[in-house]
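To start, the structure itself, in structure tokens.
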Amino acid sequence: MSENTSELGTHEVLLTDVAAAKVKSLLEQEGRDDLRLRVSVQPGGCSGLIYQLYFDDRMLDGDAVRDFDGVEVIVDRMSAPYLAGASIDFADSIERQGFTIDNPNAKNTCACGESFH
């Protein structure tokens, strides 16, 4: 597990207080304190790129980390440009429940809202 300290704190993804509280709650349910929230962009979906959010206990070379009230968010070096300025929130309403990503870099999204380009 190699950490490149020059990369720490360099990504521009924001995690809202509501989303950070939800992540903390999920981590408590898992009973783990060694996990971070990894946010990445992968090829896929009908518009070309999809978001991935998952818990990860690894630190990869080139990862950037930011702490939000005790919740560490990791972004890999390839995903960082696509996610610069993106904000992750958590919605809990009749219309929608789950994490949402507001990304100023997404020019268009598909009809289902699961992918972007």
If the chain between LEU26 and ARG77 were fully extended at 0.36 nm per residue, the gain over the current Cα-Cα distance would be 15.8 nm
Using a 1.4 Å probe on heavy atoms of the protein chains only, the accessible area for GLU28 in Å², nearest 10, reads 150
Ranked output for segments 30-38, 88-96 by mean other Cβ atoms within 10 Å, highest leading, reads 30-38, 88-96
In debye to the nearest 20, the charge dipole size for region 14-102, taken about the Cα centre with +1 at each Lys and Arg Cβ and -1 at each Asp and Glu Cβ, equals 260
Taking r as the C-beta separation of GLN42 and LEU14 and R0 as 25 Å, the FRET efficiency to the nearest 0.05 is 0.75
With a Förster distance of 22 angstrom and the Cβ-Cβ distance between GLN97 and ASP67, calculated FRET efficiency to the nearest 0.05 equals 0.30
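The values are calculated or read from the model by the stated rules, or taken from the named source; none is laboratory data. Values in this document were obtained by computation on a predicted structure and should not be read as measured data. Using ideal geometry, Cβ is built from the backbone for each residue, glycine included, and neighbour counts are taken over all protein chains shown. Ligands, DNA and RNA are excluded from the accessible area calculation, which covers all protein heavy atoms including side chains. Shrake-Rupley method; radii C 1.70, N 1.55, O 1.52, S 1.80 Å.
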